[in-house]
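J.: Next up is a structure, given as structure tokens.
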Amino acid sequence: MREHAVIHLPTVEDTEAFGRRLAVDLVAGDLVVLDGPLGAGKTALARGIAAGLGVQGRVSSPTFIIAREHRAGERPGGGAPVAMVHVDAYRLGLGADRAATFDELDALDLDTDLADAVVVVEWGEGIVEHLTDRHLLVRLRREPESDVRTAQWGRVS
């Protein structure tokens, strides 16, 4: 990340509010990569982004279905409605070589989705960056023995 910022997120509500703030600047074609260990707040952040985009449907972890599309709805504060595709890349390529991982990713047609949606990918670092020339990377960490999370984010090109 060339340019980045850091924020402390003491609660899940703070994480979701941060996602809503990030969504203000997101448009169709944007790729958001969420990185962090289990329990770091990736899905909570995705819920906040979805709320900020005003997409339809309940946002939950797409772990077992890998990708879930949320249709565009009314965007809070106005702005062009945009759909969101929420992806959990954790299961992509498990036990396979890198080429197989890219084949599985290609089968999801995320490059096509990027034309009309914001694509938010959990566990996607090192896997999905080739889909666009530039993406937003958000690294989430959870403080040991605490619910406090730290997010570091910035555009990567």
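The values are calculated or read from the model by the stated rules, or taken from the named source; none is laboratory data. Predicted model only: the values in this text are computed from it and were never measured. Neighbour counts run over all protein chains shown; Cβ positions are idealised from the backbone, glycine included. Side chains included, ligands, DNA and RNA excluded: accessible areas come from the protein's heavy atoms. Shrake-Rupley method; radii C 1.70, N 1.55, O 1.52, S 1.80 Å.
J.: Based on the mean of other beta carbon atoms within 10 Å per residue, what is the order of 144-151, 31-38, 9-16, most packed first? Walk me through the numbers on the way to the answer.
T.: Values: 144-151: 14.1, 31-38: 20.6, 9-16: 17.6.
Going from most to least packed, we get 31-38, 9-16, 144-151.
J.: Taking Cα pairs under 8 Å and at least six residues apart, what relative contact order does region 7-93 come out at, in percent? Could you put the intermediate results ahead of the total?
T.: Working: 131 pairs, mean separation 22.7, N = 87.
Dividing the mean separation by the residue count of region 7-93 yields 26 percent.
J.: Okay, next question. Probe of 1.4 angstrom, ligands and nucleic acids ignored: what's the accessible area per residue over region 1-43, in square angstrom?
T.: Numbers: 2220 Å² over 43 residues.
Counting only protein heavy atoms, the per-residue value for region 1-43 is 52 Å².
J.: Length gain on complete extension for the stretch ALA5 to ASP133, per 0.36 nm per residue less the alpha carbon to alpha carbon distance? Show your work: numbers first, answer last.
T.: Working: separation 128, 0.36 × 128 = 46.08 nm, distance 2.06 nm.
Taking ALA5 through ASP133 to full extension adds about 44.0 nm, to one decimal.
J.: Once you put a point 7 Å from the Cα of ALA51 and another 7 Å from the Cα of VAL12, both along the Cβ direction, what distance in nm separates them?
T.: My value for the distance between the label points is 1.1 nm.
J.: What is the percent carbon and sulfur in the accessible area of region 1-81, measuring with a 1.4 Å probe over the protein chains and ignoring ligands?
T.: Details: 2280 of 4240 Å².
Answer for region 1-81: carbon and sulfur cover 54 percent of the accessible area.
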